[in-house]
Every structure is written in C-alpha cells, then in structure tokens.
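A short write-up of the structure that comes next.
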Amino acid sequence: MSRPRSRPKHALAAVLVVGAGLLWRSHLFPLPGLAAKYGGDALWALLVFLGCGFLFPRTSTARVFLMALGFAWAIEFSQLYHAPWIDHLRTTRVGGWILGSTFNVPDLLAYVAGIALGALGEWAGRGASEETKRPG
C-alpha cells in the first residue's frame, strides 16, 4: 500500500452507510425482493469493511477484505450458538443489529457482496487519486 487510508474519509463513509442502512430497513421506500431481504446485510458488511479499514489504515485492501469477511462470517456462524446470555443480547436493538438472530447461508453471500463493494470502491478511489498525482 502506497499510503495509509484516510480515517476521516472512512469515518464519514461509515456514517453514510449507517444512514443508508437505517433508511433501507425503514420500509419508507419499496425495494425489490432480494434487495429488501439482503441489501441491509450487504450494507452491514460494508460497514464492517470500513471499520476494519479505519482500525488498520496501513493494511492492504486485500487484507482488510479478508479481515472483514472473517469477522462478518464469524458473527453469522455465531448465530448457530444459543445460550441465554447471547440470546438476550440478540433481543436488544443494537445486539440484533450487530449479532443478528438466525443463521442464514445467503447472508454469507450478501456479506461478500458488501465487503467486495467496499474493496472495489477503495481500489477505484485509490487508483483515481494516484492518477491525479502522477506528473503528466
């Protein structure tokens, strides 16, 4: 990686993604079936990608992709575990947003899509910024 990520840009992007996710789940706008069902999951995974990039600004995009994917999938697989304490956490609003409640294989694919969107956006953004810095 040529230079570290911009933490302020990642933080701003994260705020925008949270806003988009809340709007997505608000049902204010009718969304087609798959988008309505898995779009929020993809946005959640994009937020995980942005969080990993924020925490590790000097780590390559590929590694951030893998870290975010590992975290997101670990959360999904944790939904197979049921104990009173974690099930109680899942019933809270924030706990439900972070931990989810029911294991669903298609969610794993939605996470890949959201994280890939973040990685592609980062690669495209970094490539474009590198192009503008090259002497012509």
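Scanning the stretch 81-103 for residues that are among the aliphatic types (A, V, I, L, M), farther than 13 Å from residue 48 by Cβ and modelled with pLDDT under 90 turns up just one, 94. A search for C-beta distances below 7 Å between a residue of the stretch 10-38 that is in contact (Cβ under 8 Å) with a residue 40 or more places away in the chain and aromatic (Phe, Trp, Tyr) and any residue that is in a helix (DSSP H, G or I) and exposed (fewer than 14 other Cβ atoms within 10 Å of the Cβ), counting only pairs 6+ apart in sequence or on different chains, returns 38/106.
Please indicate, with yes or no, whether at least one residue in the stretch 72-95 is part of a helix (DSSP H, G or I), within 12 Å of the chain's Cα centre (by Cα) and without any contact (Cβ under 8 Å) to a residue 24 or more places away in the chain. No, every residue in the stretch 72-95 fails to be part of a helix (DSSP H, G or I), within 12 Å of the chain's Cα centre (by Cα) and without any contact (Cβ under 8 Å) to a residue 24 or more places away in the chain. Within the group 72, 45, 68, 62, which residue is of a type in the set (Gly, Ala, Ser), surrounded by fewer than 12 Cβ atoms within 10 Å (Cβ to Cβ) and on the phi < 0 side of the Ramachandran plot? Result of the check over 72, 45, 68, 62: 62.
Restricting attention to the stretch 1-18, the residues that are exposed (fewer than 15 other Cβ atoms within 10 Å of the Cβ) and either in contact with a strand residue (DSSP E or B) (Cβ under 9 Å, 6 or more places away or on another chain) or closer than 14 Å to residue 50 by Cα (or both) total 8. Considered as a group, the residues in the stretch 59-71 that are among the small types (Gly, Ala, Ser) and over 11 Å from the mean Cα position of the chain (by Cα) include one that is nearest to residue 44 (Cα to Cα), and that residue is 70. Scanning the stretch 104-136 for residues that are assigned to a helix (DSSP H, G or I), charged (D, E, K, R) and modelled with pLDDT under 90 gives 126, 130, 131, 133.
The values are calculated or read from the model by the stated rules, or taken from the named source; none is laboratory data. Keep in mind it's a predicted model, so treat the numbers as computed, not measured. Every residue, glycine among them, receives a Cβ derived from its backbone with ideal geometry; neighbour counts consider all protein chains shown.
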